[in-house]
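The values are calculated or read from the model by the stated rules, or taken from the named source; none is laboratory data. Everything quoted here is computed from the prediction, not taken from an experiment. No Cβ is skipped: glycine too gets one built from the backbone with ideal geometry, and neighbour counts run over all protein chains shown.
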Amino acid sequence: MGIRQSFLRGGREGSVSVEAALVIPLMLIFLLGTYEVTGVYRANMKLIAATNAMAVMVAEQTAALTPGSTGMMGNFCTGSQRMMLPQNPPIAFAVVSVSNIDGKISRDWETDNSCPTTASNIGAGTAVSLATSPASLVPNPGDSVIIVKSSTSYGNLTSFVLAPNYNLTAIAWARPRSNKTIACSGC
């Protein structure tokens with residue numbers, strides 16, 4: 001009788017092993033998933049900060065901007081790119097100036113090839129719609145706004161739970177500090 005009672009009462013060590021075998025893989029999936037989600041979120045937040053910095057740097061200029069990788073815009077690209085460290089994926093920036101001249105909102109200039117990675121052209125129609133909806137950023141004649149659109153591809157290091165690559169995009173607006181339209185020679 002003693003053997004039978006110990007058999008019915010005991011044997012808990014085996015159930016602990018089975019529970020651990022079921023729970024530990026789930027815990028690892030949750031841990032790796034959290035790591036991957038925070039990596040994508042952090043990269044997206046850094047891209048937003050880099051895009052805002054690019055818009056502010058362009059908006060602070062009083063002299064005419066120069067496009068190209070060796071001009072002022074290239075320097076702004078380098079500075080904004082460094083905000084993404086330590087990942088440092090290539091970022092494509094498209095910068096456009098939109099103004100309200102006597103009630104007519106139009107694109108002044110656009111540059112999309114000043115960074116090492118060429119950005120897709122925003123276009124006049126999209127630039128004007130970005131500046132006017134949902135609320136107008138250039139409500140008064142003489143108002144101007146700088147719009148920066150950036151994009152990058154973020155690759156997960158592990159890609160255990162999430163997809164291996166994500167295309168991230170950010171848009172930022174900034175008003176020129178001088179309250180005048182910013183010129184860009186050669187844009």
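Return the pairs, sorted by first residue and then second, in which the second residue is in a loop (DSSP other than H, G, I, E, B), the first residue lies in the stretch 67-94 and is on the phi > 0 side of the Ramachandran plot, the beta carbons are less than 9 Å apart, and the residues are 6+ apart or on different chains.
Pairs that qualify, where the first residue is on the phi > 0 side of the Ramachandran plot and the partner is in a loop (DSSP other than H, G, I, E, B), are Gly68/Asn113; Gly68/Ser114; Gly68/Gly186.
Condition check: farther than 17 Å from Met54 by Cβ and part of a helix (DSSP H, G or I). Does Ser129 satisfy that?
So Ser129 passes the test.
Here are the criteria: (1) of a type in the set (A, V, I, L, M, F, W, C); (2) modelled with pLDDT of 85 or more; (3) within 21 Å of the chain's Cα centre (by Cα). Tell me which single one Leu157 does not satisfy.
In the conditions (1) of a type in the set (A, V, I, L, M, F, W, C); (2) modelled with pLDDT of 85 or more; (3) within 21 Å of the chain's Cα centre (by Cα), Leu157 misses (2) alone.
Considering only residues of the stretch 12-43 that are loosely packed, with under 11 Cβ neighbours inside 10 Å and of a type in the set (Asp, Glu), which is farthest from Asn156 (Cα to Cα)?
It comes out as Glu13.
Being closer than 19 Å to Cys184 by Cβ and in contact with a strand residue (DSSP E or B) (Cβ under 7 Å, 6 or more places away or on another chain) is true for just one of Met73, Met84. Which residue is that?
Of the residues listed, the single one that is closer than 19 Å to Cys184 by Cβ and in contact with a strand residue (DSSP E or B) (Cβ under 7 Å, 6 or more places away or on another chain) is Met73.
Can you pull out the residues in the stretch 59-78 that are among the aliphatic types (A, V, I, L, M), in contact with a Ser or Thr (Cβ under 8 Å, 6 or more places away or on another chain) and crowded, with 20+ Cβ neighbours inside 10 Å?
If the condition is that a residue be among the aliphatic types (A, V, I, L, M), in contact with a Ser or Thr (Cβ under 8 Å, 6 or more places away or on another chain) and crowded, with 20+ Cβ neighbours inside 10 Å, then Leu65, Met73 are the ones that fit.
Each row is one residue, and each column tells you yes or no for (1) more than 28 Å from Gly39 (Cβ to Cβ); (2) in contact with a Pro (Cβ under 9 Å, 6 or more places away or on another chain).
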site	(1), (2)
Asn100	yes, yes
Asp108	yes, no
Pro116	no, yes
Thr152	no, yes
Leu157	no, no
Ile171	no, no
Thr181	yes, no
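State which residue is modelled with the lowest pLDDT when the search covers only the stretch 80-130 and only residues that are farther than 17 Å from Ile146 by Cα, of a type in the set (A, V, I, L, M) and surrounded by 14 or more Cβ atoms within 10 Å (Cβ to Cβ).
Ranking the qualifying residues of the stretch 80-130, first place goes to Met84.
Just to be sure I understand the filter: pairs with C-beta atoms under 8 Å, separated by 6 or more residues or on different chains, first member in the stretch 34-49 and at negative phi, second member among the aromatic types (Phe, Trp, Tyr). Which pairs pass?
Pairs that qualify, where the first residue is at negative phi and the partner is among the aromatic types (Phe, Trp, Tyr), are Glu36/Phe160; Gly39/Tyr154; Val40/Tyr154; Val40/Tyr166; Ala43/Tyr154; Ala43/Tyr166; Asn44/Tyr154.
All but one of (1) touching a Phe, Trp or Tyr at 6+ places or on another chain (Cβ under 9 Å); (2) within 16 Å of Asn52 (Cα to Cα); (3) at pLDDT 85 or above hold for Ala170, so report the exception by its number.
Every listed condition holds for Ala170 apart from (1).
Would you point out the residue of the stretch 147-170, among those that are under 16 Å from Phe76 (Cβ atoms) and among the hydrophobic types (A, V, I, L, M, F, W, C), that is surrounded by the fewest Cβ atoms within 10 Å (Cβ to Cβ)?
Of everything passing the filter in the stretch 147-170, Ala170 is surrounded by the fewest Cβ atoms within 10 Å (Cβ to Cβ).
Which numbered condition trips up Ala50, out of (1) part of a helix (DSSP H, G or I); (2) over 11 Å from the mean Cα position of the chain (by Cα)?
(2)
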